[in-house]
Amino acid sequence: MISVIGISSILLTVMIHITINEESLRKAELEDALAVAMDQTMTEVMEQGSYGIGSRNELVAAFLQAMIQKVDKNTDLTVLIHKLDKNKGTMDIEAVGEYLLPNRKKKRISIRRQVVFAGR
C-alpha cells in the first residue's frame, strides 16, 4: 500500500523537476529571441540599406517586432534599451521575461546582450 507521504514525495519531486525544466526552457527561449532579433535588425539596417528604417524609433520598432515573434505568448516581456546607435551599428539591450511557474508563483529571467555589427 502506498502511503500519503510517498505520493506527496513523488508529486513534490515532479513539481521541482517541472519548475527547473521550465526555467531552463524560458531562459534559452529569451536568449535566442534576443540574439536573433538583434542580429536580424542590425543586418537589415547595416547591410540592406536600412530596410526603410530611418530613425531610432523605427529601429526600435523593427527590433521589437522581431523579438516578439520569438517569445512565448505566456511571457510578459520588458525590453530595456541601454544603448542604441544606428550609425555605429551598436546595440546594448536587456530583455526581462516574467512568467508563472506551475505553483502559480512568478519567475523573472533577465538577459542582457551587446552587439557591434561589423558588416558593411
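The values are calculated or read from the model by the stated rules, or taken from the named source; none is laboratory data. What you are looking at is a predicted structure, and each value in this text was computed from that prediction instead of being measured. FYI the Cβ positions are ideal-geometry reconstructions off the backbone, even for glycines, and counts take in every protein chain you see.
Considering only residues that are modelled with pLDDT of 90 or more and of a type in the set (A, V, I, L, M), look in the stretch 98-112 and name the one that is nearest to Ala33 (Cα to Cα).
Filtering the stretch 98-112 for residues that are modelled with pLDDT of 90 or more and of a type in the set (A, V, I, L, M), the one nearest to Ala33 (Cα to Cα) comes out as Ile111.
Can you report the number of residues in the stretch 81-109 which are under 27 Å from Ser55 (Cα atoms) and in a strand (DSSP E or B)?
Going through the stretch 81-109, the residues under 27 Å from Ser55 (Cα atoms) turn out to be 81-97.
Then keep just the ones that are in a strand (DSSP E or B); that gives 81-85, 90-97.
Qualifying residue count for the region: 13.
Rundown of residues vs (1) surrounded by 10 or more Cβ atoms within 10 Å (Cβ to Cβ); (2) touching a residue at least 12 places away in the same chain (Cβ under 8 Å); (3) farther than 18 Å from Arg108 by Cα, yes/no style:
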{"site": "Ser3", "(1), (2), (3)": "no, no, yes"}
{"site": "Leu11", "(1), (2), (3)": "yes, no, yes"}
{"site": "Asp32", "(1), (2), (3)": "yes, yes, no"}
{"site": "Val36", "(1), (2), (3)": "yes, yes, yes"}
{"site": "Thr41", "(1), (2), (3)": "yes, yes, yes"}
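I need the full set of residues from the stretch 99-120 which are touching a Leu at 6+ places or on another chain (Cβ under 8 Å) and either farther than 18 Å from Val60 by Cβ or free of Cβ contacts under 8 Å to residues at least 12 places away in the same chain (or both), in order please.
Those that are touching a Leu at 6+ places or on another chain (Cβ under 8 Å) and either farther than 18 Å from Val60 by Cβ or free of Cβ contacts under 8 Å to residues at least 12 places away in the same chain (or both): Lys106, Lys107, Ile109.
Pick from the stretch 79-98 the residues that are of a type outside the set (A, V, I, L, M, F, W, C), surrounded by 12 or more Cβ atoms within 10 Å (Cβ to Cβ) and free of Cβ contacts under 8 Å to residues at least 40 places away in the same chain: which of them is farthest from Arg26 (Cα to Cα)? First the steps, then the outcome.
Step one: filter the stretch 79-98 for residues of a type outside the set (A, V, I, L, M, F, W, C), giving 82-83, 85-90, 92, 94, 97-98.
Remaining after also requiring surrounded by 12 or more Cβ atoms within 10 Å (Cβ to Cβ): 85-86, 89-90, 92, 94, 97-98.
Next cut, free of Cβ contacts under 8 Å to residues at least 40 places away in the same chain only: 85, 90, 92, 94, 98.
Values: Asp85: 29, Thr90: 26, Asp92: 21, Glu94: 15, Glu98: 9 Å.
Restricting to residues being of a type outside the set (A, V, I, L, M, F, W, C), surrounded by 12 or more Cβ atoms within 10 Å (Cβ to Cβ) and free of Cβ contacts under 8 Å to residues at least 40 places away in the same chain, the top hit is Asp85.
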